[in-house]
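Below you'll find the structure, written out as structure tokens, and then a few comments.
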Amino acid sequence: MKAEMKPEYVSLLLGFATFLGTLAVVVIGFLYSNSRISDLRAHVDTRIGDLRQHFDDRLERLEEVFDARLTRIEEHLSLR
């Protein structure tokens, strides 16, 4: 005795299977996209850190140059 499924159950099962397949694809795509965004954020954070360090180095060098020039002007004007 072979049990047959009613056509209503087949269409319901097919709809549910399609929904689960679509959900799986969306979840996998979301996880992949999220990992790519995390990689991008890490790269941008690294670049910003490098730029910040470069700016600090330049600013320090500029302070040294201004200090040396100011010292030279003060010595020239006998203010020291």
Study note, to complete from the structure: In degrees, nearest 10, the alpha-carbon axis of helix 7-76 is tilted away from the dominant principal axis of the alpha carbons of the chain by 0
Check your understanding: For the chain, what is the mean residue ellipticity at 222 nm derived from helices alone (per DSSP H run of n ≥ 4: -39500 (n - 2.57); sum divided by total residues; nearest 500 deg cm²/dmol)?
Key -> -33500 deg cm²/dmol
Review point. Among 73, 24, 37, whose Cα lies farthest out toward the positive end of the dipole of the chain, if unit charges sit on the beta carbon of Lys, Arg (+1) and Asp, Glu (-1)?
Key: 24
Check your understanding: About its Cα centre, how strong a charge dipole does the chain have in debye, to the nearest 20, once Lys and Arg get +1 and Asp and Glu get -1 at the Cβ?
Key -> 440
Revision key, fill the gap. Full extension between residue 46 and residue 60 adds, at 0.36 nm per residue less the Cα distance, a length in nm of 2.9 nm
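Only the coordinates and a few stated rules stand behind these numbers; no lab work does. Predicted model, so just to flag it, every value in this text is computed and none were measured. Heads up, the Cβs are rebuilt from the backbone with ideal geometry, glycines too, and the neighbour counts pull from every protein chain shown.
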